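Here is the structure we will look at, set down as structure tokens.
None of the figures in this text is laboratory data; all of them are computed from the coordinates on show. Values in this document were obtained by computation on a predicted structure and should not be read as measured data. All Cβ positions, glycine included, derive from the backbone under ideal geometry; neighbour counts span all protein chains shown.
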Amino acid sequence: MRIDENGRGAGEDPRLVSLTELAAITGRSESSLRVAGRNGLFKVSQGRVDLGKAVRAIMKDHADRTEARAVERVKKSKKIHRRVALLQEEEDASRAFALELAQVSNELASALAEIEEGLPAVVKARQGHLTLLVCRLRALSAPRG
């Protein structure tokens, strides 16, 4: 322990270790530690680093990266939930439109059937396409399940 000019302890002397030792302590590869040192995560001097500062910097960097990944996951999750909600709204609108279309075709089929009933038999024989149209509209308006 060092003593400062006032006679108090100035803290521990830095324990300098090689990158190989730091790799063994932290469980990281020596090359990744070299890259971290070059990127300014901790100071490398003559192939040696201050163990305490390096470990604190590595832990802080790991925590920051973990937090960033968690934030990114939440953002993606929100986007997915938003897309699912939009798809659900579109599906509901499509279902409502299909129901409305079925109701309109049912009403149209009923109206055409009434018109067909009022026609004389001679006209009905010639107007077979009207009967066919009524049958098609009824088939369209029939519930599907």
### Query
How much length is gained on full extension from Glu21 to Arg95, taking 0.36 nm per residue of separation minus their Cα-Cα distance?
20.0 nm
#### Entry: Binned Cα-Cα distance frequencies in region 16-141 - 5 Å width, integer %
2, 9, 11, 9, 5, 5, 5, 4, 5, 4, 4, 4, 4, 4, 4, 4, 5, 4, 4, 2, 1, 1, 0
#### Entry: Reachable lysines from Lys43, criterion Cα separation under 16 angstrom, eight or more residues apart if same chain
Lys53, Lys60
### Query
Highest mean first, what order results for 22-33, 92-103 on Cβ atoms within 10 Å?
22-33, 92-103
